[in-house]
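A.B. asks: Here it is, the structure, as structure tokens.
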Amino acid sequence: MHGMIAGPLGISHARMGSGTTWVPDVTPMRAIHATWGEWSVMLHGVAFLQYDRQYSRRGDDQFGLIDWEMLMLMRRMGSGLLHLHAMTSLEPLTLGAEGYPLLLQTGETYEGRPLVDRQHPHDLVMELAAMYERPVSSNLAVSFYAGLAGEPAMGPVAFMHRPSAQSDPLAPLGHHWQDATHITFGVMTAGLFSQRWKLEGSWFNGREPDENRWDLDLRSPDSWAGRLTLAPTERLSVAGWYGYLESPEASHPDESTRRYGTSVLFAHPGVGGGWSSMLLWAANDHGHGAEPSFVAESDLEIRGHSVFARYEYVRKSAEDLVVETGGDDDVFPIHSLVGGYARDLVTTGSAAIGAGIRASINFIPESLAESYGTQRPAGVAVYVRVRPPDVMRAP
């Protein structure tokens, strides 16, 4: 990352995750970098052109394109650093309003009904935000982040930005227990940080995006969150968060949620990539006790070859999964295993183009098997991936 504007307190830009999160300093960053007058410009992004096949009675298949593109502009302003972030996705067009098939996935709605066994598409505008960071002493700095679309200080690094998930195009099954607030329409965050820790607080609109993926669903801020992040070494990032979401789901307008959790991200540099892993525990509480989820995921990349894996545990209700049971309070433990391989095939001056395969198998209780036709519903996806060609690192 030579030639880029240095961050406050000498913190590397490689530490920047989604929103205001931190990843380990040695995390590889794929981006196209340029300068424009006093501005430092970075273009990030990835596109997965895929065929997704989910088996079982409730499965489906689809050709689709999963993508995100992000433009970051940075320049000095006084003694501080100004960031301008804009991120978009074409998924409302390339996937459609129902998103893509993903067994046991839940969250948000389609035509007023709960989306189930599908992952909803992201909105056209995923981030439209500004951040200003300024040192106040030799070892302390402040930050201010605000956006019409952005991410509050709640949750881990969003899944599409996590190095440990960079080769897996599909969302975790616990997405709405963990990082669903990565697209929030109206957010303000203030932070105090040193080289090794950051304390943040956010005030934001807690309502999830609606079914119209083309607009900005602005609403008065009504929710709050706080997060503490530690960077004890250049290879570790540890975070813990707690927040309150006022009426996050339009389908349950009288129900609010407390969301909390912790994550540990690890990175080890390597030749042409590296090894990145994450452990995550997160929970929702709708007033009836914690609903937990757990994720362990890892990605090993060496000279364009990537091997990745994910294990998940999450508990979902009969209402979440839209299944008929003997009682409204039935909750089902779900275990999921994912594995895959990807390889960059062609690298040009502007893109690395590769191909990959992802396979998953889920383990569900016998009481849920009637709905799916099996206790081991599975899926597979094959894809072509396009991403920036260069791995940028801190000097």
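A.B. asks: Find how much the distance from Ala146 to Val331 grows on full extension, using 0.36 nm per residue of separation minus their present alpha carbon separation; answer in nm with one decimal. Working shown, then result.
C.D. replies: Values: separation 185, 0.36 × 185 = 66.60 nm, distance 3.76 nm.
Working it through step by step, the gained length comes to 62.8 nm.
A.B. asks: Let me ask something additional. Which Cα, out of Val322, Val41, Leu280, lies furthest along the positive dipole direction of the chain (beta carbon charges, K/R +1, D/E -1)?
C.D. replies: My answer, from the dipole projection, is Val41.
A.B. asks: Rounded to the nearest 20 debye, what is the charge dipole size of the chain about its Cα centre when +1 sits on each Lys and Arg Cβ and -1 on each Asp and Glu Cβ? The partial results should precede the final answer.
C.D. replies: Values: 30 positive and 46 negative charges, 380 e Å.
Value, rounded to 20: 1820 debye.
A.B. asks: Equivalent-ellipsoid semi-axes (√(5λ), Cα gyration tensor) for region 302-395, whole Å, largest first?
C.D. replies: Details: eigenvalues 304, 38, 24 Å².
The three semi-axes for region 302-395 are 39, 14, 11 Å.
A.B. asks: Could you give the nm distance between label points at Arg57 and Thr262, where each point is 7 Å from its Cα heading toward the beta carbon?
C.D. replies: So the label points at Arg57 and Thr262 sit 4.1 nm apart.
A.B. asks: Evaluate the charge dipole of region 303-395 about its Cα centre and quote only its size in Debye, nearest 20, assuming +1 on the Cβ of each Lys and Arg and -1 on the Cβ of each Asp and Glu.
C.D. replies: Approximately 980 debye in magnitude.
A.B. asks: Which whole-number percentage describes the relative contact order of the chain, with Cα contacts under 8 Å and a sequence gap of 6 or more?
C.D. replies: Numbers: 1155 pairs, mean separation 66.7, N = 395.
Reported as a whole number, the value is 17 percent.
A.B. asks: Right, here's the next one. Using the Cβ atoms and a cut-off under 9 Å, what net charge is assigned to the surroundings of Glu108, where Lys and Arg are +1 and Asp and Glu are -1? It would help to have the intermediate numbers written out before the result.
C.D. replies: Details: positive: none; negative: Glu208, Asp210, Glu211, Glu249.
Spelling it out: positives minus negatives among the neighbours equals -4.
A.B. asks: Projected onto the charge dipole of region 8-392 (+1 at Lys/Arg Cβ, -1 at Asp/Glu Cβ, origin at the Cα centre), which of Ile11, Ser371, Tyr51 gives the Cα projection farthest towards the positive end?
C.D. replies: Positive-most Cα among the choices belongs to Ile11.
A.B. asks: Pick out which of His85, His252, His120 has the largest mean-square fluctuation in a Gaussian network model of the chain, springs linking Cα atoms closer than 10 Å.
C.D. replies: Checking each option, the largest mean-square fluctuation is seen for His252.
A.B. asks: Okay, next question. Mind putting together the pair-distance distribution for the chain? All Cα pairs, 20 Å bins, whole percent per bin, short to long.
C.D. replies: Over the chain, the share of Cα pairs per 20 Å bin runs 28, 61, 11, 0 percent.
A.B. asks: For n ≥ 4 DSSP H runs only, could you compute -39500 (n - 2.57) per run for the chain, divide by its residues and tell me the 222 nm figure to the nearest 500?
C.D. replies: Numbers: 4 runs with 19 residues, N = 395.
Helices in the chain give a 222 nm mean residue ellipticity of -1000 deg cm²/dmol.
A.B. asks: Can you give the charge dipole size of region 298-352 about its Cα centre, rounded to the nearest 20 debye, using +1 on the beta carbon of Lys and Arg and -1 on the beta carbon of Asp and Glu? List each step's numbers first, then the result.
C.D. replies: Values: 5 positive and 10 negative charges, 115 e Å.
Roughly 560 debye for region 298-352.
A.B. asks: Using a Förster distance of 41 angstrom, determine the FRET efficiency expected from the C-beta separation of Leu43 and Glu111, and round it to 0.05. Let's see the in-between values first.
C.D. replies: Values: r = 36 Å, r/R0 = 0.87.
Once the sixth-power term is evaluated, E becomes 0.70.
A.B. asks: For region 73-189, build the charge dipole from Cβ charges (+1 Lys, Arg; -1 Asp, Glu) around the Cα centre, then report which of Leu95, Pro135, Pro114 sits farthest towards its positive end.
C.D. replies: Pro135
A.B. asks: In the Gaussian network model of the chain, springs joining C-alpha atoms below 10 Å, which of Gly99, Gly339, Gly349 carries the largest mean-square fluctuation?
C.D. replies: Gly349
A.B. asks: Taking the Cα-to-Cβ direction at Thr233 and at Leu216 and moving 7 Å from each Cα, how far apart do the two end points lie in nm?
C.D. replies: Taking the simple label geometry, Thr233 and Leu216 are separated by 4.3 nm.
A.B. asks: Between Ala6 and Thr348, what is the spin-label point distance in nm, taking each point 7 Å from the Cα along the Cα→C-beta axis?
C.D. replies: So the two model labels end up 3.7 nm from each other.
A.B. asks: Still on this structure: Gaussian network model of the chain, Cα springs within a sub-10 Å range: biggest mean-square fluctuation belongs to which of Trp197, Trp214, Trp36?
C.D. replies: Result for the chain, Cα springs under 10 Å: Trp36 fluctuates most.
FYI, it's all coordinate maths here, none of it is from the lab. Computed from a prediction, not measured in an experiment: that's the story for all the values here. When we count neighbours, we look across all protein chains shown, and the Cβ atoms used for this are built from the backbone with ideal geometry, even at glycine.
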